[in-house]
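This report concerns only the one structure given below.
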Amino acid sequence: MLLVFLLGVGVILWAWHLGPFNTPLQQTENSYVKGNITLLSAQINGYIEKVYVSDFEDVKQGQPLVKVSSPNYSQQVVQAESGLEQATTNLANQQQIIEQRKADVKAAQAKVAQVKTQLELSIQQLKRLESLVGVGAVSQNEVDTAKAAVKNNEALLSQAIASVDVAREGQKTAEVTKIGLVAQIKSANAQLKQANTNQEYGLITAPTSGKLGQINIRTGQLVTQGTQLVYLIPKSMWVIANFKETQIDKMKIGQKAWFTVDALGKQKFTGVVKSISPATGSEFSVIKTDNATGNFTKVVQRISVRIDIDGNQSRLNELIPGMSVVATVDTSS
């Protein structure tokens, strides 16, 4: 009986890493390789024109993957280019009109100067004749004719000044019209840019280097915006190890770690503790356990630990997300 008791105590001490079984090495089989899997989707409606890649192919950042063709977007580009060309032509024509209006203002101002000179001469002529009429050197009829000439030139001056005002208003109107045409060009440029962007959306490229999943699309297939096209798995991966809460007492960020991969014949990889979850796994579940009512059974919780994998290791390129691993952290390191 004593032997059985001691054996039982030994098993408990070993299971909980207590007493002589206490070790700085904390290990768990509840751990997996993780990676940021990116789902690439169609950004426009159209037909699959070409698939450039195949299942599980390695790709580089910027490499073309799928081409989605849509005649509507090609037509939008042509229309936008035509609209921009027309707006540019209208602006050039309007600039010519503005220059003509400026010339009209100068001509009207020159006419004012000319009429002013004529008015001054007619006034001088009138004064000269009025000084001579008293001595009988000129007739009253000549004086009256000179007065009429002065009044006529005054009327012509008023008309010329009004013509300057009209010419200036015409110039202002032309310049206001130009502002509207400049706005039209900006709008046409924006429409062309958007049309080109929509057309460019038809070409799906790899946002980063990595490995593709299975290709489930075919040439000629109709797709809409948001249709799932292909999965991309980047080369950057890490391990999420779910340790028991009793194992992380001395676990710290920066400690050395390693793991073996079941699928690679227990191949060993090294790494370092990058971060520790701020809560247990149960706290992130949709339906949380309520221990306020009913019977309570204590269950050891799991806390996730992220292990970043060291680079330049043998068979590192064979790791894929989802692989099961056995992770170990040296809490004394």
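Looking at I179, I233 in this structure, which one is over 30 Å from V299 (Cα atoms), surrounded by 15 or more Cβ atoms within 10 Å (Cβ to Cβ) and not small (G, A, S)?
Answer to the check: I233.
Scanning for something hydrophobic (A, V, I, L, M, F, W, C) and either assigned to a loop (DSSP other than H, G, I, E, B) or farther than 21 Å from Y32 by Cβ (or both), does the stretch 233-245 turn up at least one residue?
The answer is no; no qualifying residue exists.
Please list, ordered by first then second residue, the pairs with beta carbon atoms under 6 Å, 6 or more apart or interchain, first in the stretch 178-206 and under 30 Å from E57 (Cβ atoms) and modelled with pLDDT of 90 or more, second surrounded by fewer than 14 Cβ atoms within 10 Å (Cβ to Cβ) and not polar (S, T, N, Q).
That search, which allows pairs on different chains as well, returns T205/G62.
Any residue that is within 26 Å of L39 (Cα to Cα), among the β-branched types (V, I, T) and buried (at least 17 other Cβ atoms within 10 Å of the Cβ) - is there at least one of those in the stretch 195-202?
Taking every residue of the stretch 195-202 in turn, none turns out to be within 26 Å of L39 (Cα to Cα), among the β-branched types (V, I, T) and buried (at least 17 other Cβ atoms within 10 Å of the Cβ).
Determine whether K186 is closer than 30 Å to Q86 by Cβ and in a helix (DSSP H, G or I).
Spelling it out, K186 is indeed closer than 30 Å to Q86 by Cβ and in a helix (DSSP H, G or I).
Checking the condition assigned to a loop (DSSP other than H, G, I, E, B) and either in contact with a helix residue (DSSP H, G or I) (Cβ under 9 Å, 6 or more places away or on another chain) or in contact (Cβ under 8 Å) with a residue 12 or more places away in the chain (or both), which residue from Q79, Q95, Q100, Q61 passes?
From the options Q79, Q95, Q100, Q61, the qualifying one is Q61.
Of all residues in the stretch 145-175, how many are acidic (D, E) and either in contact with a strand residue (DSSP E or B) (Cβ under 6 Å, 6 or more places away or on another chain) or surrounded by 13 or more Cβ atoms within 10 Å (Cβ to Cβ) (or both)?
Number of matching residues: 2.
Please find, among S74, S31, S122, the residue that is buried (at least 16 other Cβ atoms within 10 Å of the Cβ) and at pLDDT below 90.
S122
More than 31 Å from the chain's Cα centre (by Cα) and more than 30 Å from A190 (Cα to Cα): does that describe I97?
Spelling it out, it is not the case that I97 is more than 31 Å from the chain's Cα centre (by Cα) and more than 30 Å from A190 (Cα to Cα).
Check the stretch 41-54 and report whether any residue there is among the aromatic types (F, W, Y), free of Cβ contacts under 8 Å to residues at least 60 places away in the same chain, touching a strand residue (DSSP E or B) at 6+ places or on another chain (Cβ under 9 Å) and surrounded by 14 or more Cβ atoms within 10 Å (Cβ to Cβ).
yes
The values are calculated or read from the model by the stated rules, or taken from the named source; none is laboratory data. A quick note: this is a predicted structure, and the numbers were derived from the prediction, not measured. Reconstructed Cβ throughout: ideal geometry from the backbone, glycine too, with neighbour counts over all protein chains shown.
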